[in-house]
Amino acid sequence: MYFTAETHFVERFERFGRSMGLPADLKPAELAGWQARLREKLAGLLGLDTFEKTPPNPSYDPPEDFEGYQSQRIEIDTEPGVRMPFYILTPADLKPGERRPTVLALHGHGGGGKAAVAGRRENPAIAERIDFYNYDFGVQLVKAGFIAVCPDARGFGERRESFSQGETSDLVLGQSCNYLSHMGEPLGQTVTGMFTWDLLRLVDFVVTRPECDPERLGCLGFSGGGLQTLWLTIFDTRVKVAAISGYFYGYKDALLKLSNNCSCNYVPGLWQTADMGDLGALICPRPLLIESGTLDGLNGERGIANVTEQLAITRQAYALTGAGSGEKVYHSVYEGAHRFDGRDVIPWFKRWL
């Protein structure tokens, strides 16, 4: 016999969770105030006030030519002593002086960081993951005419901590989220906060690029990249359009009951404050696409129902903004397991950017 605490925590979630969630009776004139209060609370939970700005100090690798696009690896500082490498993919037909809509293309777990999103097939393990998860959506975006920016999140790819560095397949495809969590949280910094801060600084840099149109900036993420997209878009209104694949569901089913998920998903105090549908409501009124697989086990034991319940909360906020707001939230559902499907994603960015 085993005496577990899961039932206790589920009951505690139901009793004390979502204390600042979107009120069912909220009036249209009250939406902005509710959003501001919840953003302020969430910024404190993530520890965003503990991070330090620093000049980007960029460095550039020579551009590389691929079929239909050019790829360049760039590095910037996001905090003192914290370096972020990324690829920027530009269409081959980009004209001098032309500015294009730009999409941050954010990886999740298990693909080797930015390499998979940017279509870098030199490593056989990464090439296999590209095919399995349809992971090269940065290449898909640039071939559709967008500029794609593909960064390594902290703890992934070239940013793995010493305990997870190496060139074996398990290490290349792995991450350092647990180490970052153990080092950062006692100092007031969460891994979600690290992801968000780094992306805020990346946007600062991207909008200065002459080929990137700062008024047509989007963000796309799969799985853990969906987490990053959600939080960046909450805190940075420069992101005009968002698409989240494989990461939008109720916390109780998907992260409490599935408590063996990566530590980067867990923010102290978050579930007491809000559920994911409330976070989606903070993106309102900007266009938001959610992509879900019918067989994605990360949705939890109730499957798509755990997604649609949260989307209903998000849609409630959009409904407060007036006629036509419903068109700005779209749920793209495909038959299948956890992967990037993408059939509606590029049309979504073309429509809104």
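Just give me the residues in the range 1-33 being touching a residue at least 60 places away in the same chain (Cβ under 8 Å) and either assigned to a helix (DSSP H, G or I) or hydrophobic (A, V, I, L, M, F, W, C) (or both), in sequence order.
Correct list: Glu6, Phe9, Val10, Phe13, Glu14, Phe16, Met20, Leu22, Ala24, Leu26, Pro28, Leu31.
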(request) Those residues that are farther than 24 Å from His338 by Cβ and β-branched (Val, Ile, Thr), I need them from the range 63-117; list them, please. (result) Ile74, Ile76, Thr78, Val82, Ile88, Thr90, Thr102
(request) Give Cys264, Cys284 a once-over and let me know the one that is touching a residue at least 60 places away in the same chain (Cβ under 8 Å) and either of a type in the set (D, E, K, R) or crowded, with 24+ Cβ neighbours inside 10 Å (or both). (result) Cys264
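Could you pull out the residue among Gly218, Gly246, Gly174 that is under 21 Å from Cys150 (Cα atoms) and in contact with a Leu (Cβ under 6 Å, 6 or more places away or on another chain)? Quick ask: steps written out before the conclusion?
Values: Gly246 fails: in contact with a Leu (Cβ under 6 Å, 6 or more places away or on another chain); Gly174 fails: in contact with a Leu (Cβ under 6 Å, 6 or more places away or on another chain).
Of Gly218, Gly246, Gly174, the one residue that is under 21 Å from Cys150 (Cα atoms) and in contact with a Leu (Cβ under 6 Å, 6 or more places away or on another chain) is Gly218.
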(message) Tell me whether the range 29-51 contains one or more residues that are more than 20 Å from Thr273 (Cα to Cα), more than 24 Å from the chain's Cα centre (by Cα) and surrounded by 10 or more Cβ atoms within 10 Å (Cβ to Cβ).
(response) no
(message) Among the numbered criteria (1) farther than 23 Å from Ala36 by Cβ; (2) among the polar types (S, T, N, Q); (3) under 20 Å from the mean Cα position of the chain (by Cα), which one does Thr294 miss?
(response) (3)
(message) Scan the range 260-269 and tell me whether some residue there is assigned to a loop (DSSP other than H, G, I, E, B), in contact with a Phe, Trp or Tyr (Cβ under 9 Å, 6 or more places away or on another chain) and modelled with pLDDT of 95 or more.
(response) no
(request) Would you mind finding the one in Asp341, Asp275 that is at pLDDT 95 or above, within 23 Å of Gly218 (Cβ to Cβ) and among the acidic types (Asp, Glu)? (result) Asp341
(request) Might you check whether a residue that is surrounded by 24 or more Cβ atoms within 10 Å (Cβ to Cβ), of a type in the set (Gly, Ala, Ser) and touching a residue at least 40 places away in the same chain (Cβ under 8 Å) occurs anywhere in the range 137-146? (result) yes
(request) Could you grab me the full set of residues in the range 73-106 that are in a loop (DSSP other than H, G, I, E, B) and touching a residue at least 60 places away in the same chain (Cβ under 8 Å)? (result) Leu94, Gly97, Glu98, Arg99
(request) Collect the residues in the range 146-176 that are of a type in the set (A, V, I, L, M, F, W, C) and modelled with pLDDT under 95, keeping them in residue-number order. (result) Phe163, Leu171, Val172, Leu173
(message) Just to be sure I understand the filter: pairs with C-beta atoms under 7 Å, separated by 6 or more residues or on different chains, first member in the range 52-72 and at positive phi, second member of a type in the set (Asp, Glu) and surrounded by 12 or more Cβ atoms within 10 Å (Cβ to Cβ). Which pairs pass?
(response) Asn57/Asp77
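The values are calculated or read from the model by the stated rules, or taken from the named source; none is laboratory data. Remember, it's a predicted structure, so these values are computed and weren't measured experimentally. All Cβ positions, even for glycine, are placed from backbone atoms using ideal geometry, and neighbour counts span all protein chains on display.
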